[in-house]
Amino acid sequence: MITFFLVGLTVHVIFFLSIFDIYFTSPLVHGMTPQATSLAPPASRLVLVVADGLRADSFFTLHPDGSSRAPYLRSVIEERGTWGVSHTRVPTESRPGHVALIAGFYEDVSAVAKGWKENPVEFDSVFNESRHTWSWGSPDILPMFAKGASGDHVYTYTYPAEEEDFASTDASRLDTWVFTQVKSFFQSAKSNSSLRASLLEDKNVFFLHLLGIDTNGHAHRPMSQEYLENIGLVDTGVAEMVSQVEDFFGYDGRTAYVFTSDHGMTNWGSHGAGHPSETLTPLVVWGAGVHSAQRVTESQPYDDGYLQGNNHLHFAHKFLMTLCSSLCVFVFPQGVLPLLYLNNSDLFKAESMYTNAIQVLEQFKMKMTQKKETTLSFLFTPYHFFYRTMLTVGLTLLSIWPFLSGLFGKAKFRSLSWFLGCLFLSLFPLMPVVGREPNIHLVTCAGLLTLFTSLCYLWSSRQRTPLHLSDRQQFVTQVTTVHAVLCVLCAYVPSLTHSSLQQKQGLPLVNQIISWTTLGSSMLVPLLSSTRLFHRLLSIFLSLTATYLLLSTGSEALFPPVLSWLMFVWINIEQEAMLAQGVSGRQELSTIDFSANIDIAKIRQLKLDDIRRSYFFVFFIITAFFGTGNIASINSFDPASVYCFLTVFNPFIMGGLMMWKVIIPFIIVMCTFETIQVHFFFLVQDYGSWLDIGTSISHYVIVMSMTIFLMLLSVVTHILTSQRLILWRRPKLHFP
């Protein structure tokens, strides 16, 4: 059995990893000869400012009195700059957004499974082609461009990662830090001859990455006062920075400025998908080589392409290269040289277009030598991976099973409990995956409901499942002390935590200690209970639900109690089904011990009804995963879910906590899932948007993970149900 288990696990792991070698290889080509125009560029230096997470409507919308929340940049728009609404492309995330903006290509599909902060494939960029680049901002963004640069001419200045705290009293201090550092940099350059000499050279880039708006959007939502006031702070900082730059270079008119954003943000404070609130961002360009603002007296007689999907990030990239590099101009299939932005001679524009065309030809030649074709086969795929409402339909049909099978006449209460449990559980797939407003009161109610129903079950089952005196005392003590305290604490800790964060007081240390202690003890506390079937299952359910409550922000907190209720009802109603078949199973089930070595063949033989039970298992395991959503898109991730544990941005710890939240219903509904894994191998996509690609990977990974998880969890659940920790033993009494 051990050999069989290891071989099966190895095969599934190989299948699991195979798609990333078969489908996801980088489309980028290397080795082309760089092309450059011989004419002098119109700008000697570039200042690039990226306000991370800034929505177009938040930037352009005026106050009721007609004033702007960004008055300086508004004056640039009206008087001396070129502006527009830029349309970013999915994935609307910081890393791919900045790579597209600065390196000029869309998300590399091979990066889907390999990189969160850094692109795993080498690429060229505006920074690499500059003479010098000085950058200030987030430690998540800046290092990726310094790492891939040739030589030592890209300089980064970042604040500590701990400063990216969603519970911060004011995340705009991240932007204040950047502007302060830039000011100090130019002041020190006045007295530093070597630095001043480097700054006075051409082909230099200054990059300001401003993360405050994005952090405030995640923490307080884009309509909050914190988010909107942060826009004003950025506007003031840009105005002061421009004044410092112009003063340092003696107002020589050779500096170009670009202000934009890598992505926007939804109303509920997330990004990653293709909603207009995520893809529409502001673009303001002014300075050397840029057309000034042109006032019009009539409405435009043509469509300005506001929503036409042309990615401004390509435009901005080519614009940056044309302005300040003159070493080469990258060209990509969906990008064109933004001639309308340029204020230069026709000769310069023609030379740039010619260079563009030659670079396209070089890339085409190189790509043809490396081209590989892949033929995909599309097979039938289940109904619930794409349409969660099918789970609602399935649960509704399952709810009437006792009435169709004749069990209702023999077990009315259990049949009604099954019927109501299926209907209540069927409501969760109808709830939205993303965009849910937090409702901490529901988390509190879920905790109290869990405790109440558990105590009711103990009271009703005390006669049917008698325990030895020592076990009963220990279990009652465990439930009334450990579990009761955990449920009550975990029901109120999220409320106390979110209240503290709203008051800008940060994450209370006591709440954090309780959360991590609960998480760490959730797998140990059940081992202290009796190994009798119902008592051990109840102990596992209470321990895991306590952790789930800490990771919940709203209605999903009710999912484990409802699911567990239905599972307990299922176990009981299966007893009635066995009795209806003439199998005496009530006594065995009520007294069964997980630690006992039971030969199931001596109790009963395999029957046709076991096929129905297997189908129920498969359906419930899928419901356990998809009942509250899908992790196919990072857009569904709400940082508020982990605020009880940490508020400082850490994708790996946060991701681990969210994965544990997903696994908890798996443990509650444990079964084997194997039948449809082959279909999903042929459905993996390596084309389209990152959201489409990520969804296809997710479906395949989910299916393969189910098998691997279930194989591993079978060991975990065996330990949870059959093993017991005895902290102390009663001394034996000897009588004369």
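The values are calculated or read from the model by the stated rules, or taken from the named source; none is laboratory data. These numbers come from a predicted model, not from an experiment. Virtual Cβ from ideal backbone geometry, glycine too; neighbours counted across all protein chains shown. These area figures cover heavy atoms from the full protein model, side chains too; ligands, DNA and RNA do not enter into them. Shrake-Rupley method; radii C 1.70, N 1.55, O 1.52, S 1.80 Å.
Computed values, structure above
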| read-out | value |
| --- | --- |
| Filtered residues of region 251-275 (kept if free of Cβ contacts under 8 Å to residues at least 24 places away in the same chain and either over 24 Å from the mean Cα position of the chain (by Cα) or not in a loop (DSSP other than H, G, I, E, B) (or both)) | TYR251 |
| Subset of region 65-104 [among the basic types (Lys, Arg) and farther than 28 Å from ASP124 by Cβ] | ARG69, ARG74, ARG80 |
| Test: residue in region 193-202 that is within 13 Å of SER58 (Cβ to Cβ), of a type outside the set (Lys, Arg) and open to solvent by 10 Å² or more (accessible area, probe 1.4 Å) | no |
| Region 276-308, subset part of a loop (DSSP other than H, G, I, E, B) and open to solvent by less than 40 Å² (accessible area, probe 1.4 Å), residue modelled with the highest pLDDT | ALA288 |
| Residue check, THR61 open to solvent by less than 40 Å² (accessible area, probe 1.4 Å) and among the β-branched types (Val, Ile, Thr) | no |
| Unique match (being on the phi < 0 side of the Ramachandran plot, among the β-branched types (Val, Ile, Thr) and modelled with pLDDT of 85 or more) among VAL479, VAL493 | VAL493 |
| Filtered residues of region 122-164 (kept if outside any loop (DSSP other than H, G, I, E, B) and either among the aromatic types (Phe, Trp, Tyr) or not assigned by the TED database to the domain that holds ASP214 (or both)) | PHE127, TRP134, TRP136, PHE145, TYR155, TYR157 |
| Qualifying residues in region 545-570 (those that are under 18 Å from PHE408 (Cβ atoms) and of a type in the set (A, V, I, L, M)) - the one modelled with the highest pLDDT | LEU566 |
| Residues of region 205-238 classified as touching a Phe, Trp or Tyr at 6+ places or on another chain (Cβ under 8 Å) and open to solvent by less than 30 Å² (accessible area, probe 1.4 Å), total | 15 |
| Close pairs (6 angstrom Cβ cut-off, 6 or more residues apart or separate chains): not assigned by the TED database to the domain that holds CYS445 in region 528-557, buried (at least 23 other Cβ atoms within 10 Å of the Cβ) and aromatic (Phe, Trp, Tyr) anywhere | none |
| Listing of helices (runs of 4 or more DSSP H) fully contained in region 361-471 that carry 2 or more residues being at pLDDT 85 or above and within 17 Å of LEU563 (Cα to Cα) | 389-399, 412-425, 440-461 |
| Scan of region 34-58 for residues that are surrounded by fewer than 17 Cβ atoms within 10 Å (Cβ to Cβ) and under 21 Å from TRP286 (Cβ atoms), ordered by number | ALA40 |
| Of the criteria (1) modelled with pLDDT of 95 or more; (2) closer than 23 Å to GLN505 by Cα, which one ASN216 fails | (1) |
| In region 251-270, residue surrounded by the most Cβ atoms within 10 Å (Cβ to Cβ) [restricted to those that are within 29 Å of PHE186 (Cβ to Cβ) and hydrophobic (A, V, I, L, M, F, W, C)] | PHE259 |
| Residue, nearest to LEU174 (Cα to Cα), within region 122-152, restricted to residues that are over 24 Å from the mean Cα position of the chain (by Cα), at pLDDT 90 or above and of a type outside the set (Val, Ile, Thr) | TRP136 |
| Some residue of region 242-250 being open to solvent by less than 10 Å² (accessible area, probe 1.4 Å), outside any helix (DSSP H, G or I), of a type in the set (A, V, I, L, M, F, W, C) and in contact (Cβ under 8 Å) with a residue 60 or more places away in the chain | no |
